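The values are calculated or read from the model by the stated rules, or taken from the named source; none is laboratory data. Bear in mind the structure is a predicted one, so any value in this text is a computation, not a measurement. Cβ sites come from the backbone with ideal geometry, for glycine too, and all protein chains shown count toward neighbours. All accessible areas refer to the heavy atoms of the entire protein, side chains included, with ligands and DNA or RNA removed. Shrake-Rupley method; radii C 1.70, N 1.55, O 1.52, S 1.80 Å.
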Amino acid sequence: MTRSAAIYGCGGHRLTAGEKAFFADARPWGFIVFRRNVDSPDQLRALTDEMRACLGEADVPVLVDQEGGRVQRLGPPHWARYPPAAAYLKATGDVLAARELVRLGARLMAHDLKAVGITVDCAPVLDVPAPGAHDIVGDRAWAGDPDAVTMLGRAAAEGLLAGGVLPVIKHMPGHGRAFADSHHDLPVVHADLEALAARDFAPFRALSDMPLAMTAHIVFHALDPEGPLTTSRRAVRMMREQTGFRGLIMTDDLSMKALSGDPRARAEASLEAGCDVVLHCNGDLAEMRRVAEGVGGLKGKAAKRAEAALARIVCEVEPLDPKEARNRFDTLMAGRLEAAKGPDVGEAQAPASSSAKRGRRTEG
């Protein structure tokens, strides 16, 4: 049966009866898990198995945000702590040495994720932060230079792919100039197209062969001054033209406050703009039902892109001795393993009350 153009979260460690019934009926393309859904490896594996059982299909992608630093959903005590992206270049002082370390870290992450049934990582971040920009990106960025971001971002993507996990390049076409956090406000970028193409778009153009990309909820005046890229047909079209990206485009979380309208309107506007799949993260069943009202089945070019993305998951992963690789990684990163400072980015709490929902933070 056709799956719908949506990815949904859930509320807790196991699916409720209501969630199971909704997912079986809505048949989303995939699911996403957050820290609220994670307790132990056995529990998480049971949850991802349960998600796929709702649809009766083994290839249903399960996503997570596992960047390292502030954005790491699987962490101690059951999983290793990974450093933020910026720490790799600081640890080595050389982009070529950092590249090998980044790939190793990503390969270890893929090993962690694959073991619990997660097949897509919403990483790497390819944003190039501008001086004075909001620190929502900050040390989630590999560097402040687009060439270094390109090199290290590709190393991360290739490490994930080698371990049987699909990367999602984000936040296309670049969040680095934003002076606001799109979880709470709508950022507006006034840079001209030439400046954006030379700096912000460059890493996305260089990694345009990747299977999946996530949009930025940002108004780019050079693309469309009227509204955020995620819901702008003109901006999405120009983004594809500028970056050459032909893979599956998913939205950033629809429940972020940068977007306006109710969940259904946001979903409809995103798909009409040219996004292939919408992402709704907070696990609120009532909101998910509204999203489902605005989402049809994956078809046409979007269905082909989704099929092509899943075909990139390798059947036989690159050989890895986890213990040896972990020891080597920890030795090379000695002194750089402290997580990034500041609040967690992109965590969505389980739905509890209307007041809790109003203050909820969502996908990164």
**Complete:** LYS301 and THR16 label points (each 7 Å along its Cα→Cβ direction) are spaced in nm at 3.9
**Under DSSP loop assignment and at most 12 Cβ neighbours within 10 Å, longest GluC sites (Glu not before Pro)-free interval of the chain** = 58-225
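Based only on Cα atoms, what Rg/Rh ratio does the chain have, Rh being taken as Kirkwood's radius? Let's see the in-between values first.
Values: Rg = 18.8 Å, Rh = 20.1 Å.
Reported Rg/Rh, Kirkwood definition of Rh: 0.93.
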**Prompt:** How many nm separate the modelled label positions at ASP209 and ALA180, each set 7 Å beyond the Cα in the direction of the Cβ?
**Reply:** 3.8
**Message:** Placing +1 on the Cβ of each Lys and Arg and -1 on the Cβ of each Asp and Glu in the chain, which of PRO203, ALA309, MET172 has its Cα farthest towards the positive end of the resulting dipole?
**Reply:** ALA309
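Could you tell me the number of lysine pairs in the chain with C-alpha atoms less than 20 Å from each other, where the two lysines are 8 or more residues apart or belong to different chains? List each step's numbers first, then the result.
On the way: LYS90/LYS341; LYS114/LYS323; LYS170/LYS257; LYS257/LYS357.
Here the count comes out as 4.
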**Asked** With each pseudo-label sitting 7 Å past Cα toward Cβ, what's the ASP145-ALA308 distance in nm, one decimal?
**Response** 3.2
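Please report, as a whole percent, how much of the solvent-accessible surface of the chain comes from carbon and sulfur atoms (probe radius 1.4 Å). Don't skip to the end; give the middle numbers.
Numbers: 7190 of 13770 Å².
Accessible surface attributable to carbon and sulfur in the chain totals 52 percent.
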**Message:** Classify the stretch 183-227 from the C-alpha gyration tensor, please: rounded if a/c falls under 1.5, else prolate or oblate depending on whether a/b exceeds b/c.
**Reply:** oblate
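Counting only helical runs of four or more DSSP H residues, what would the 222 nm mean residue ellipticity of the chain come to if each run contributes -39,500 (n - 2.57) and the total is spread over all its residues? Can you show the working numbers first?
Values: 12 runs with 133 residues, N = 364.
-11000 deg cm²/dmol, from helical runs alone.
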**Item:** the stretch 157-241: trypsin sites (Lys or Arg not before Pro) falling in loop per DSSP and having at most 13 other Cβ within 10 Å
**Value:** none
**Item:** Gap separating the Cα centres of the stretch 207-266 and the stretch 29-62, nearest whole Å
**Value:** 26
**Request:** Using the charge dipole of the chain (Lys, Arg: +1 at Cβ; Asp, Glu: -1 at Cβ; taken about the Cα centre), state which of ILE118, PHE34, GLY283 has its Cα farthest towards the positive end.
**Result:** GLY283
